[in-house]
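Rule-based calculations on the coordinates, nothing more; no lab input. Bear in mind that the values here come from a model prediction, so they are computed numbers and not experimental data. Note: ideal-geometry Cβ built from the backbone for every residue, glycine included; neighbour counts use all protein chains shown.
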């Protein structure tokens, strides 16, 4: 570009003269040409992100309700013919309503939560009958469907794609609804690739003033352009391992057992 506009050239020259270059360090700090640390506002972040354009589009279009059918529930079984999925669980477990999310700590967290809700749908949330003296909601099984393209989420492509599984786990952690996923395993069940994770989830339970950290197991598989995410949560590792066996069938295929203890055993 060429210009002979005096004011424009003067502003451009001043802008170029004021450009400063900094070097990023491994600990997240930056230094100037003299090697001095330069204070920066906010906190450094090197984790996964979703492009702003995708988030804006998701918040505006709210595609989840259009592309993810809700399915139906009968005692001990959830069916979603449009997805091609049948999920069986103990008849003694009850379907529970969506829990109210705690207030977001800042605008960024609320925006992330809104983006996830715009691109995903909780298909089923289960809990056992509350035993006398037990806190309701301490043990849960949740099935969520995520439109993978809506948030451009990565996913492992084979049993050896551990990097893809780790990236998916990092994104699920970043989205905030799946706790802190720490360890990863890949498993093939009836020609369906599952990424399996263990971790912890911190949340406020109804009737308790302090947050509680509970153990979690997560299994994720891709089906019909959706990521299906099963999450098992319990107060302790022992209780997590004792959660009942459930099973899922895709299309007309044989059932695949899904149980938290199998995920925990891979750790």
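Projecting label points 7 angstrom from Cα along Cα→Cβ for residue 21 and residue 108 puts them 2.8 nm apart.
Ranked by how many other Cβ atoms sit within 10 Å of their own Cβ, fewest first, the residues 150, 23, 119 fall in the order 23, 150, 119. With the simple spin-label model, which puts each label point 7 Å out from Cα in the Cβ direction, the residue 33 to residue 159 separation comes to 5.7 nm. The simple spin-label model puts a point 7 Å past each Cα toward its Cβ; for residue 152 and residue 200 those points are separated by 3.3 nm. As a proxy for reagent exposure, 54, 151, 14 were ordered by neighbouring Cβ count within 10 angstrom, fewest first; the result is 14, 54, 151. Between residue 213 and residue 5, the FRET efficiency estimated from the beta carbon spacing at R0 = 45 angstrom works out to 0.15.
Segment residue 170..residue 95, full-extension length gain: 24.1 nm, with 0.36 nm per residue of separation and the alpha-carbon distance subtracted. For the range 52-265, the Kirkwood hydrodynamic radius from C-alpha pairs, put into Stokes-Einstein at 25 °C and a viscosity of 0.890 mPa s, yields a diffusion coefficient of 139 µm² per second. Rounded to the nearest Å, what's the spacing between the alpha carbon centres of the range 175-194 and the range 46-72? Just the number, please. If you average the Cα positions of each part, the centres end up 20 Å apart. The gain in end-to-end length when the residue 14 to residue 54 segment is fully stretched comes to 10.8 nm, 0.36 nm per residue minus the alpha carbon separation.
Using R0 = 25 Å, the C-beta based FRET efficiency linking residue 251 and residue 73 works out to 0.80.
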